[in-house]
Each structure stands twice: as structure tokens, then as C-alpha cells.
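Asks: Below you'll find the structure I mean.
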Amino acid sequence: PLAEKLAAKKYLSLLLEDFIHEKKAIEFYLRHHKTNQAEQFLKPTSPYYRLLLPFFNSQNEDYQKWMTDNYERNMKYSEQLIYKASSGNYVRSKSEMLIDMFLYSNKIPFRYECELQLGEIVIYPDFTVRHPVTGEIYYWEHFGMMDDPNYCKNAYLKLHTYTFNGIIPTVNLIMTFETKEHPLSLEMIEEIIEYYFK
């Protein structure tokens with residue numbers, strides 16, 4: 001019992017030291033951190049807010065037009081497009097339907113299975129997404145059958161093709177995965193949208 005108490009005391013004293021160092025680091029950061037000045041311009045209380053609003057609205061209109069313009073779609077296995085999503089797109093799975101719903105409800109412009117030419121290879125990312133403010137392009141691939149060995153092999157080949165062509169996972173390539181035992185969760189989609197597009 002004495003050894004247990006001494007071990008617990010040692011652990012708690014080290015934990016306290018860690019917290020003290022962390023507190024000092026946070027205090028140092030707060031002393032030297034300057035508020036992001038550009039963000040202040042976009043607050044409704046800023047005198048510049050109304051002047052900048054047309055700029056962002058016109059950008060957003062361009063992105064929405066991009067979303068609704070005609071584009072080359074994936075026509076392979078069109079009989080699998082059986083789920084009607086919020087945007088009006090027909091998609092191949094319930095998980096894709098959820099991703100579509102979250103993008104559409106958050107007013108994030110996207111295209112479903114839009115043709116992408118990578119050298120001599122043509123692929124169709126599940127979602128081609130534009131950041132609603134910067135217009136930056138992201139590709140979102142949902143790998144929904146990772147418990148199937150053949151599907152898994154094709155997924156890795158696809159990731160290799162992306163990476164070889166400068167589309168890098170977690171940078172401009174968003175990936176979600178699921179199996180029968182571990183379906184894609186709403187929370188995961190929300191977190192991804194919050195991280196990349198908010």
C-alpha cells in the first residue's frame with residue numbers, strides 16, 4: 001500500500017509539472033499573439049463589413065454557378081445511382097447521400113463524380129468541392145467497402161494515382177472510410193466540414 005501511494009504521489013507531482021509548463025506556454029502565446037486582423041474586417045460590427053460583402057457575395061455566386069453548370073459525369077454503372085440526395089443528385093450509397101446533404105445544407109459548392117484528368121488517366125472523385133470563401137478545390141473520396149479485399153486493393157491504387165499527381169491526402173484530398181461493422185458517422189462528416197470549410 002505504501003508503494004502504491006508513493007507511486008501515485010510521484011505520478012501526480014509529474015502531472016502537476018506538466019500542467020504548469022502547459023499553463024506557462026499558453027500564457028506566453030496569449031501575451032505575444034496578435035488577433036487575426038483580416039478576420040476583424042469581416043465581423044458585422046466592422047465598418048468595412050458592408051463594403052466587403054458584395055465581394056464575397058459575388059464570389060459565392062460564381063461558386064454556386066460552377067456547381068450547377070454542366071460537367072462530364074461518370075456514366076459507368078449508372079444503374080447504381082439509386083439514392084436521391086438533398087442536392088438533387090442521384091448517388092451510389094447512403095453514406096454519399098449524407099455527405100451530399102451536409103455539403104448542400106452548409107452551402108458548400110460541390111460536384112458529384114465530376115471528371116478529373118490526371119495525365120493520361122481519367123478518374124471521377126466522389127465529390128469535387130470548392131471552399132466557399134477561397135474557391136480552393138478539394139477532392140473527397142468515400143471508401144465504403146473497406147472490408148472487401150478487391151475493393152481495398154482498388155482504393156489503394158486510386159490513392160496512389162492521386163498522390164502521384166500532387167493531390168495529397170489531408171491536404172487537398174479528403175478521405176472517409178467504412179466497413180459493415182464501422183459505418184460512416186454523422187459526427188465524422190460534421191468534423192470534416194468544420195475542419196476544411198469553416
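Asks: What fraction of the DSSP beta bridges in the chain is antiparallel, stated in percent and rounded to the nearest 5?
Replies: 70
Asks: Let me ask something else about it. Apply the a/c threshold of 1.5 to the C-alpha gyration tensor of the chain and tell me whether it is rounded, prolate or oblate.
Replies: Because a/c hits 1.5 or more and a/b fails to exceed b/c, the chain counts as oblate.
Asks: Once the other residues with Cβ under 11 Å from the Cβ of Leu81 are scored (Lys, Arg +1; Asp, Glu -1), what is the net sum?
Replies: +1
Asks: If you don't mind, there's one more thing I want to ask. What percent antiparallel are the DSSP beta bridges of the range 65-178, to the nearest 5?
Replies: Taking every DSSP beta bridge with both residues in the range 65-178, the antiparallel ones total about 70 percent.
Asks: Just to confirm, what accessible area per residue do you get for the range 62-192 at 1.4 Å probe, in whole Å²?
Replies: For the range 62-192, the solvent-accessible area averages 59 Å² per residue.
Asks: Follow-up question, since we're still on this one. So how exposed is Glu17, as accessible area in Å² (1.4 Å probe, rounded to 10)?
Replies: 100
Asks: Excluding Leu173 itself, what net charge comes from residues whose Cβ is under 13 Å from its Cβ, given Lys and Arg +1 and Asp and Glu -1?
Replies: After counting each charged neighbour, the total is -2.
Asks: Can I ask one more? Relative to the present Cα-Cα distance, how much length would full extension add between Tyr196 and Leu2 at 0.36 nm per residue of separation?
Replies: Gain in length upon complete extension: 64.7 nm.
Asks: Could you tally the net charge around Phe127, taking each other residue with its Cβ under 11 Å from the Cβ of Phe127, Lys/Arg +1 and Asp/Glu -1?
Replies: -3
Asks: Which percent of the accessible area of the chain is formed by carbon and sulfur heavy atoms (probe 1.4 angstrom)?
Replies: Its accessible area is 59 percent carbon and sulfur atoms.
Asks: Using the Cα centre as the reference, give the magnitude of the dipole from point charges on the C-beta atoms of the chain (Lys, Arg: +1; Asp, Glu: -1; all else neutral), rounded to the nearest 20 debye.
Replies: My answer is approximately 660 debye.
Asks: Let me ask something else. GNM, the chain, Cα, under 10 Å: largest mean-square fluctuation among Leu159, Leu98, Leu14?
Replies: Comparing Leu159, Leu98, Leu14 in the GNM, the peak value goes to Leu14.
The values are calculated or read from the model by the stated rules, or taken from the named source; none is laboratory data. Predicted model only: the values in this text are computed from it and were never measured. Quick reminder, even Gly has a Cβ in these numbers, built from the backbone with ideal geometry, and neighbours come from all protein chains shown. All accessible areas refer to the heavy atoms of the entire protein, side chains included, with ligands and DNA or RNA removed. Shrake-Rupley method; radii C 1.70, N 1.55, O 1.52, S 1.80 Å.
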